[in-house]
Every structure is written in structure tokens, then in C-alpha cells.
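To start, the structure itself, in C-alpha cells.
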Amino acid sequence: MAIASLLIANRGEIAVRIIRAARDLGIRTVQVYSQADAESLAVQLADSAVEIGPPAAAKSYLNIEAVLAAARESGADAVHPGYGFLAENPGFADAVEAAGLIYVGPKGATIRLLGDKIAAREAASKAGVPTVPGSPDRIDDPAAALDLAARIGFPVLIKATAGGGGRGIRVAKDRTEFSRLAPLASAEAKAAFGDGGIYIEKLIQKARHIEIQVLGDGDRVVHFFERECSLQRRRQKVWEEAPAATLPGDMRRELCAAAVALAQSVNYRGAGTLEFLYDDDAKEFYFLEMNTRIQVEHPVTEFVTGIDLVREMIRIAQGEPLALRQEDIQLNGHAIECRINAEDPANDFMPAPGSVTALRVPGGPGVRFDSMLYPGCEIPPFYDSLLGKLIVWDNTRAGALRRLQGALSELEISGVSTTAPLHRALAADEDVRSANFHTRFLEQWLERNDISPA
Amino acid sequence: MAKQQVISPLPGTFYRKSAPDQPSYKEEGDQVAVGETIGLVEVMKSFHEIKSDFAGTVTKFLIDNEDAVMAGQALVEIDG
């Protein structure tokens, strides 16, 4: 069924991005907004807008009833969830469809399945996709545990089944250490959590975060190669690239095939991303999770494949079969994205809401700036700090890095602190320039380097 | 005794409890000591504890749980 009017159940830069894709398809847009976002760029650019509640996200963007009421009131026939907020809430996908509307994304049941860590791991194993080696469940017999640890290969992590948030984790680097630590870990877990259950997992010491973009129509799945997002701070991605600069071609083929196999096994519909840890030295990869939505860093993939992923996901939601064959999707050149957040990198990344007093946006060939900014706009304190993304492309990674440095020097955002100075420093760093990084690189780098204010 | 007000140093969303399933840090009528946490302000998904600058009795919360707050706005009244 063709979509005539699309409601955007999100805000910020991704709402603007979805409005642009819908406009290209001749679809009317309805933007919902909280009282804090009445003057937002997305509200200004959409064909119409509906207020859905007070600033707090729990009372507006996360309020399913308010979003559905806005859809009824505005006569929208489809809902795009963007990322974050309700984007991976299976109950929301179900509620949208129960209201007789099209949900731009997978079925609620698919979101539910892949959102459950254990179920997603099982789905991966069934599809023949490797997960981080470990005990499938708790392991109580010390001899059996030692046996399994030796089979997995040291070092291993000993984790408390009842633990969480990094608590109750020990590292054993050999058999002797394992024999000493396993009973300790169990006793500690018993004392701390009232349950001495432990399980073991291989410690991946130096890994890259590599993820595969897929699109499915519920029948067929194609991949759009990988992105590398190893530069992270507190598990938040900061800088993303496509393709992964150091990934050998045979590993790229294996990763992409694994991603398609898993997505295909659940008859995936819509845009999705399969996240992996990739161990350079061992040339091995492990499935982490699948994100059942469009991702922040999708533009780097759009730059290197020339395909508008948001437009394709809307087409699929309309019931159109996938327009692309795998051989239509080719890698071309190199793209880099820098997340521009309202945070002060010189002051421990303190959030920096406020008014943007002046703005100079970079431009030129191979430069794209997806943002929620305009001069005079207010950055409310109620939502995450992402203001926008600077994305550059060139034929080679070296060229893309040069363009990035040029674009970062053009970018000027006055009135609020941003992470732009961090990106200027990273773009000049020798290790970053040679793609010599892993998922803990940035946090270690930040301990050695001071970011001076812009 | 004098009425005092604890002011939010940050803009954001005010929470009276550490998590949705936890009890409120303080109820009206409770005693509060200097440095005791009376709530959280969430700014851009990062949470900051708000501590009382005064000792005394909590007489009134001026901002409801999960409501928006501006920097400089009074959160709670304390009779000290």
C-alpha cells in the first residue's frame, strides 16, 4: 500500500533526514514534537506538526498513546520511528500495526526476538554465525569449567550470572589462575548477589567494532558492506567509517555472508545492522547484536554505495519488493562520519545545552552535514546531545581524511560547546590516520591527550 | 525557622528517585541533612545528583517528579 502521509516519531537530525527522504518519494510528512521542540528544524521542514506533550521524553516521544493519537488526528498512514526512543520497542511496532498503520521497520516479533540477548545468540548460532565463545549457560562444576576454559582458550572472563554492569568479572590468563579465581569468583558472587553461579566467556583483548548494514523485504536480504565504529567513548560511537580500512577482502566477504545468513533466517524486513567484534590478529569475528532500525552512522554507507537507505526502507514498508540485487551494490571510495555532540571535550564531555548563536556549515564536493541546527536554534537539555553529523567522502581514505580536516576547519558552531575540537585532534592523530585503533583506543587516547577548547 | 530553597544548577528533567522502582529520596515532612541527595537532574541523558545545601524539614517539592527544570529554578523548600 502506497504511503501518502508519514508520521515521524522522533526528533533532531534523524527527523530532518526522514523528512527529506519522504519528500523525495512525494510523501507528506507529519512531525510530532514535545513542547521543548516547537521551534525545531524538523517542525519547520515538515508539511505539518502535532504537539504530543511536555519536554520529558517519557511524556512525549516515548508516549505511545500520544504518538498514535497524533497519527489519527493528522491522518498519517505510516510511522517512522527513527533511532532511539520507540525505535526498538516491539510493543510500539505492534501498536502501530494494530492501529491499522504501516510501521517503517521490522515486525514487532522480529524486534522482540533480536532484542533478547540469549535468543539473538541462539538465532546466530542456528544461522552458523559465530558468537563470543563461552559457556552457553551457568557452569557449576569446577572441573568442567576448567575444561571448557581450556577449550575456549585463555585468557577468559569469569562472570557472575547474577552480576551486571561490569560487576563480578574476573580475568584468568591461564589454567593455574583459572583454578584459583573460579572458586573466588563464585564465593564473591554468592556474597554479593546471593547466587554463586558463574559462566565463562573468551576475553577479546583488542577488537574492532565492525558492523554490516542490511536491507530486507521479508523475503530477500542484501548487504551494503561494513562500517567500522571502533572509536567509542563509554560505549558510544564517536567516529565511523566505511569501509573498514584494514579489513582483508576475504574477511569482508565472510562477515557480509554471515550477516545476510542471520537476517535471512529471521525473514528480516527493513533496514538493520549486525554488530560484530573483529579480532585483527586472529582474523576472527563474533556476532554481538542486531539493531532493528536505521542507525546514526548510516550516511557513511550511503556515501560509499550511492544508495539512500532511508528511502529504501520506506519503499519496503510500502510493500515494494527490494529494488536492488546484491550485485547492484558496489563499494566506491571511502567515507568518514564525525558525530558533533553538544558536549565539552575539554571538560570531561560535560553536556552543553543552550542557544546556537552562529553557525557556519561546511560544504563542497563529498561533504555532507546532517544536523538539527540553524542559527538561533535552542538545544534543549532533555534529549541526547547529538547535534549533527559531518560526513565526508573521497576516492581514498587519505583523500577523505584531507576533506575531513578541511570541512572541520570550515565548521563553526557558536553558543554551545561541541565535540568538533575532539574530531580536529583525532583527524590529525597518526594512529587514527593509519586506522591503528580498537574499541578501547579512544578512552586510552583521551587519558593521554588534552583537548583545548575550540 | 527560615525557609530555604535548593536550586537546580542545571537545566533538564528532575527525578525524585534514583530509579523508577525505587522510593523517593525524600518525602515532604522528612528531615534532610546538608549534603544529602534530594533528587537527580538529567541533562542530555547524563544524571547529576542534587544535594541539599541546608539541614531541616522538607516542607514542599516545587517541581514534580519527571518535570522539566531550568537552571536556577528552586526544586524544594526546606524549613531549617
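Laboratory data are not the source of any read-out in this text; all were calculated from the coordinates shown. None of the values given here were measured: they were computed from a predicted structure. Note that each Cβ is placed from the backbone with ideal geometry, even for glycine, and that neighbours are counted across all protein chains shown.
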Quick numbers on the protein assembly as shown, Rg and Dmax over C-alpha atoms in Å, give 24.6, 79
P(r) over all Cα-Cα pairs of segment A:118-161, 10 Å bins from 0 to the longest distance, whole percent per bin, short to long, reads 24, 49, 27, 0
Starting from the eigenvalues of the Cα gyration tensor, five times each then square-rooted, give me the equivalent ellipsoid semi-axes of segment A:5-104, largest first, whole Å.
17, 16, 12
For segment A:250-330: span of alpha carbons on each principal axis (Å, largest first):
43, 27, 25
Using DSSP to call loops (not H, G, I, E or B), can you name the trypsin sites (Lys or Arg not before Pro) in segment A:199-266 whose Cβ has at most 10 other Cβ atoms within 10 angstrom?
A:Arg234, A:Arg235
Contact order relative to length of chain A, as percent, for alpha carbon pairs under 8 angstrom and 6 or more apart
14
Against the globular-protein guess of 2.2 N^0.38 Å, express the Cα radius of gyration of chain B as a ratio, rounded to two decimals.
0.99
Can you compute the modelled spin-label distance between A:Asp250 and A:Ser409, with each label point 7 Å from Cα toward Cβ, in nm?
4.3
Against the longest alpha carbon principal axis of chain A, how many degrees, from 0 to 90 and to the nearest 10, is the axis of helix A:397-410 turned?
50
Segment A:38-183 - charge dipole about Cα centre, Lys and Arg +1 at Cβ, Asp and Glu -1, debye rounded to 20
880
How far apart, in nanometres, would the label points at A:Asp141 and A:Ala109 be if each is projected 7 angstrom from Cα along the Cα-to-Cβ direction?
3.8
Hey, rough spin-label estimate for B:His48 and A:Arg72, points 7 angstrom out along Cα→Cβ, what's it come to in nanometres?
4.0
Taking 0.36 nm per intervening residue step and subtracting the Cα-Cα distance, what contour gain separates B:Asn65 from B:Ala19 on full extension?
15.4 nm
Over the alpha-carbon set of segment A:333-434, work out the extent along each principal axis and list the three values in angstrom, largest first.
38, 27, 20
For Cα pairs less than 8 Å apart in space and 6+ apart in sequence, what is the mean separation divided by the residue count of segment A:280-374, i.e. the relative contact order in percent?
19
Report, in listed order, any pair from B:Lys3/B:Lys60; B:Lys26/B:Lys51; B:Lys3/B:Lys26; A:Lys173/A:Lys202; A:Lys283/A:Lys389; B:Lys3/B:Lys51 with a Cα-Cα distance greater than 22 Å.
A:Lys283/A:Lys389
